[in-house]
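Have a look at the structure below before the remarks.
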Amino acid sequence: MRSFYYSLHYNTRQMKFQLATLIGLLTTAALMAQCPANLSVSNGSTGTWVNTASGVATVRITAVGAGGGKNTQVNYGDDGQVGTLNGGAGATIIGTFTVAAGASVFVISGKAGGNSANAGAGGGASGAVNCGNPSNCGTGAILLIAGGGGGTSGFFDGGGGRSTSGGGGGGDAPENAGGGGGLNAAGTNGINGATGGGQVSKTAISNGGAAGNNNGEAGAAGGNGMGGGGATDGGAIAGGGGGQTGGDAESLTTEAFGGYSLNTGTNQTNTAGADGGANGAGSVLVECLSVLPIELVSFDAKLQDQTSVMLSWETASEHNNAGFEVERSSNGSAWTNLGFVQGLNASAEYVFNDAKPMSGMNYYRLRQIDFDGKFDYSPIVSAQLKSTAGGWLQVFPNPAQGRNINLLIPADIETEVTAKLYDPTGQLVRTWSLQSGLQPLDVADLPQGVYTLQTLIGGVMEVNRLVLGE
């Protein structure tokens, strides 16, 4: 552990204190930081979520692959068969991840596959990459990918985002259609100009395959995303969905088969895309669930040489910690800032010396501040001290003969002293605002009796019994 010492020195009076009680509250506490705002992107757009909190964030990422395009021509083929309109729906992949303070997650949403009167194109996949520093996405780990749905042909529904046509090596082109793009390679090209979807990129949107043209019948382009969707050639064969396990390009004889896209998170929910879904846009939602705190292992207050209070605290972890303001109070509600201790952003031990504690009860707390200005408070510790038995004020003569009374306030007291005098019935009869030195008290008009003199300085009160006589 590294240690950090910080001491303040004030030009206030020196007092000798005698310890009455010392309360040190050993704590295990959490200085919680606030969750950064959630991030939502859709339909072929990208975004970066940054953990700006002071601790490790737990996030839930929901990725939905884009749907495949539909065949807009209901009657298709010489045999008069009726084609299904919709392509496959994309998979939904949900996982929970931890993101270090200051680290980022880059997200890409898939775009829906295009529609055409002949056959629909594959949808793009949606996914997320843990980049750390936003400039390091290329070397970051892929967290999850939700495959896009396959496009529909004139005879069958397109397969959902769930089979090997968008596999790690890129999807094969079934007959004339372009294959879906994958993790390690682009999808293969079909004949007649239909191209496969682009390879998955960690730093940018992968292109969907371009549409081909078969005997003048124009097709539709595949959706962009994380692994571009495959293209259709404009005939009866649809493009495959993008992603690690994107939807099959629909053939005349084969339905798409099951499978899930990549998910490296915990608390997984993986749902295959459905056949015949709408060609909806893909999306990614990053939700911050919680932020691990700066863990405060201990916070303690101890008297040193009967003249100062030494505060010490230890942290088990720190992230984005600008430092600690040390605050003191005499009543636990009104606080004064004693100084600032810079954060070490590692497990650390700190000490702070309050060289001039107040007589009586001293309460202390830490105000932990993030680099972005957000802050949280620690639990409170306290140390109670008393003045010496003789007190620090002198009242004389007492009993007062001839009603001539003086109050001697030490010269090194630099703050105003408030004195109040109460008669034998408890009624307030005099109030004075006094400075240091010898101060005469005007009590000549008061009847004789036993009075109570209360003096207050810096939140510390001293009480004296005062006898007025002839």
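The values are calculated or read from the model by the stated rules, or taken from the named source; none is laboratory data. Fair warning: this is a prediction, and the values are worked out from it, not measured in the lab. Ideal geometry is used to build each Cβ from the backbone, glycine not excepted, and the neighbour counts take in all protein chains shown. Surface accessibility is based on the protein's heavy atoms, side chains included, excluding ligands, DNA and RNA. Shrake-Rupley method; radii C 1.70, N 1.55, O 1.52, S 1.80 Å.
Matching residues to (1) part of a strand (DSSP E or B); (2) at pLDDT 90 or above:
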site: G277; (1), (2): no, no
site: A281; (1), (2): no, yes
site: E287; (1), (2): yes, yes
site: S298; (1), (2): yes, no
site: Q306; (1), (2): no, no
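Scanning the range 450-461 for residues that are out of contact with any Leu (no Cβ under 6 Å at 6 or more places or on another chain) and modelled with pLDDT of 75 or more returns V450, T452, Q454, L456, I457.
Here the range 313-323 is the region considered, the condition is being out of contact with any Phe, Trp or Tyr (no Cβ under 7 Å at 6 or more places or on another chain) and at pLDDT 80 or above, and the residue that is most open to solvent (accessible area, probe 1.4 Å) is E314.
Look at the range 423-437 and say how many of its residues are part of a loop (DSSP other than H, G, I, E, B), surrounded by 10 or more Cβ atoms within 10 Å (Cβ to Cβ) and modelled with pLDDT of 85 or more. Residues in the range 423-437 being part of a loop (DSSP other than H, G, I, E, B), surrounded by 10 or more Cβ atoms within 10 Å (Cβ to Cβ) and modelled with pLDDT of 85 or more: 2 in total.
Scanning the range 96-118 for residues that are open to solvent by less than 10 Å² (accessible area, probe 1.4 Å) and on the phi > 0 side of the Ramachandran plot yields a total of 0. When you check S330 against the structure, is it modelled with pLDDT under 85, in contact with a Pro (Cβ under 7 Å, 6 or more places away or on another chain) and hydroxyl-bearing (S, T, Y), yes or no? No: the conditions fail for S330. Among the residues making up the range 433-450, those that are touching a Lys or Arg at 6+ places or on another chain (Cβ under 8 Å) and of a type outside the set (D, E) are L441, V443, A444, L446, V450. Would you point out which residue out of Q448, Q454 is within 29 Å of S329 (Cβ to Cβ) and open to solvent by 40 Å² or more (accessible area, probe 1.4 Å)? Going through Q448, Q454 in turn, the sole match is Q454. Within the range 318-341, if we keep just the residues that are part of a strand (DSSP E or B) and among the acidic types (D, E), the residue that is nearest to D354 (Cα to Cα) turns out to be E327.
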